[in-house]
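Heads up, the thing below is written out as structure tokens.
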Amino acid sequence: MTANHHLPRRSSEEQALLETQLRETFEQRMCFNELLGFKVASFDPAAPALTFAMRPDLIGHYLHGRLHGGVISTALDTVAGFAVTVAIAEKFNNESAEQIAHRFGRVGTIDLRADYLHQGVGKSFLASGRITRLGGRIASVQMTLVNDTGLLIATGGASYVVS
């Protein structure tokens, strides 16, 4: 049981404001995410996800039309950071959107591993993250990237500082 268990949960209006702010942050304020075309697909704390479409400027191998490995790694890192933020928002579900934004400002990648399993081909991609541990100082996440047919392109694991 968390310390916040007995505190009132944020209102639906405040939750909607938080989701709007997180969407804006991950889709527009983080310019590299915007450049890559990342869009929030799910705020579900059990399966936060981002999506993006394949474009010619994301190709890493011009002969095969495959997604660049750096884009794959970035998608995994970004969805993990998003998953951590969603988990923090859920853990501190009595706090306002402004308070969660302040907490987000302290999140940073410590370690990232990407395993490339299949060629990055597809019309679109879905990156999802799953929190394996959310401590007071460190969060651990497992991530996946699948294409529009459900083919598992890559998996990853990462650690983030949260305080």
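Every number here is computed from the coordinates shown, using simple stated rules; none is lab data. Remember, it's a predicted structure, so these values are computed and weren't measured experimentally. Note that each Cβ is placed from the backbone with ideal geometry, even for glycine, and that neighbours are counted across all protein chains shown.
Laid out as a table, the results:
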read-out: Ile138 versus Arg9: modelled label distance in nm, points set 7 Å from Cα along the beta carbon direction; value: 3.1 nm
read-out: All-pairs Cα distance distribution in the range 1-61, expressed in whole percent, bin size 5 Å; value: 4, 15, 17, 19, 16, 11, 8, 5, 3, 2, 0
read-out: For the chain, projected area of the alpha-carbon convex hull averaged over all directions, nm²; value: 9.3 nm²
read-out: Sum of side-chain charges, Leu134 neighbourhood, beta-carbon under 13 Å (Lys, Arg +1; Asp, Glu -1); value: +4
